[in-house]
Amino acid sequence: MTTTAVNIPLLLLMASMAIAAGLLMSAANQPSPIREAQRVWALGLVAGPLGLALLRLGGLLEAGLLQAAAKTIMTAGFSFPLIALALISGASIRWRALLPVVLVLAASMIFLLRFPEAPMRTGLLSLVCSLTCMLAAQHAWHCVSRVETPYGRIVAFIFACGAAVLLARALMLFPMTGVDNGLTEMLLAAAVLIPALATVSFVLVCGDRMLMQLKLIASTDELTGSQSRRAFLENGRRQLNEARTRNLHTAALIIDVDDFKLVNDRFGHGVGDQALKKIASALRNQLREGDGFGRLGGEEFAVLLTGVNEAEALATAHRLREAVAGLRFSSDNISVPLRVSVGVAIDPGNSPDLDRLLERADLAMYSAKRNGRDQVAVSPCFEAAR
């Protein structure tokens, strides 16, 4: 083995380090989990070529321990991208992806202790790294649906190609005889470049992940975790149109916390915020998965029910009121009474739009307020329909 065999991996290492440095600079300004994913990916970019360079150097110096360390580092070069993709896709694999690293390290040390004079082979390394690449391709493919990005397909294709290259190399090495060393070395060097080749597409996946997070932030009420007013109205219009297409009745409920100003004045806005969280959670627990639920502002919430008749809409409204009335909430050992007034309006299929339906429910809610609070009232149109 000549020094040329070491120089080429060193060139790959320098190029990968430059890409990794740019990625690390970008990661510093990214939100979680994109920041962590890009940092882990950068480690993978450097680990692969570094492991290859050390492997060549270990062969040149006939240093078995250095070769064992090199194989371990090279395996990490494929495990780190797998972890990064799991972070982006929200999968639970995370640090279990380092198990291939542990496997290669253990196998290398056992071989080194049992056959100290024999040259180390890399068939198992190629096989393990091939499997790791396949797992990375699988997680990249999951990003297509979970992150809503088309670039996950490109990352998946690149890692699938890497898995095929490494598998072919492993099959060439296991027979032990008649191996073309030049070809196997070229295949290993090509495989090490896989994370670098996928970096641009990975960054685009991260961009789509950030866009998804921004949409989620914009559509979620920060305090209660329910839909924001804008998201509720947008989703509600789609829900209403779909219900009309399927000839289903739709009911709108406006829920307002009774005497909430007194809660804020007596116990403070911090306690008031905690009370709103409790109320939102209690309301959400009484709803079906497909029901629309959002915070319109302040202490006012809205619910949109589809596929319900008049009796079912009223029953839901009463359940919501009772769920809040049953809350046990206190501050400094002082019980804080929580009550809501609920207004109900139903669309039999001829209301002009969602805004009009909510307006009718809002008028019904104010009627409940005037009649003593902590009760359910229905819109005049609802009563006429009965």
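Values in this text are rule-based calculations from the coordinates and carry no lab data. Just so you know, these numbers come straight off a predicted model, no measurement behind them. Backbone-built Cβ (ideal geometry, glycine too); neighbour counts: all protein chains shown.
Under a GNM of the chain (C-alpha, springs under 10 Å), which listed residue has the highest mean-square fluctuation: ALA136, ALA28, ALA42? The residue that fluctuates most here is ALA28.
A cut-off of 5 Å between modelled amide H atoms, ignoring neighbours fewer than 5 places along the same chain, links THR220 with SER228. Residues whose amide H falls under 5 Å from that of LEU296, counting only those 5 or more places apart or on a different chain, are PHE301, ALA302, with hydrogens built in the peptide plane. The separation of the stretch 249-296 from the stretch 146-161, counted between C-alpha centres, amounts to 41 Å. Contact order for the chain, expressed relative to its length and based on alpha carbon pairs under 8 Å spaced 6+ residues apart, stands at 11 percent. Springs between Cα atoms under 10 Å define the GNM used for the chain, and in it the highest mean-square fluctuation of GLY372, GLY90, GLY162 occurs at GLY372. Note on SER335/SER145: beta-carbon distance plugged into 1/(1 + (r/R0)^6) with R0 of 51 Å gives a FRET efficiency of 0.60. Computed 3J(HN,Hα) for the stretch 42-47, one whole-Hz value per residue from the Karplus formula 6.51 cos²θ - 1.76 cosθ + 1.60 where θ = phi - 60°, is 4, 4, x, 4, 7, 5, glycine and proline marked x.
Can you work out the FRET efficiency for the pair ARG373 and MET17, with r the C-beta to C-beta distance and R0 = 56 Å, to the nearest 0.05? The partial results should precede the final answer.
Values: r = 67 Å, r/R0 = 1.20.
About 0.25, to the nearest 0.05.
Close amide H pairs (under 5 Å, H built 1.01 Å from N) link ASP347 with THR250, ALA251, ALA252, residues at least 5 positions away or on another chain. Comparing mean-square fluctuations of VAL128, VAL147, VAL336 from a GNM of the chain with C-alpha springs under 10 Å, the top value falls on VAL336.
Counting helices only, and only those DSSP H runs with n ≥ 4, report the 222 nm mean residue ellipticity of the chain as the sum of -39,500 (n - 2.57) divided by its residues, in deg cm²/dmol to the nearest 500.
Calculated mean residue ellipticity at 222 nm is -22500 deg cm²/dmol.
Applying the Karplus relation 6.51 cos²θ - 1.76 cosθ + 1.60 with θ = phi - 60° to the stretch 365-373 yields 3J(HN,Hα) values of 5, 5, 5, 5, 4, 5, 8, x, 6 Hz, where x marks Gly and Pro.
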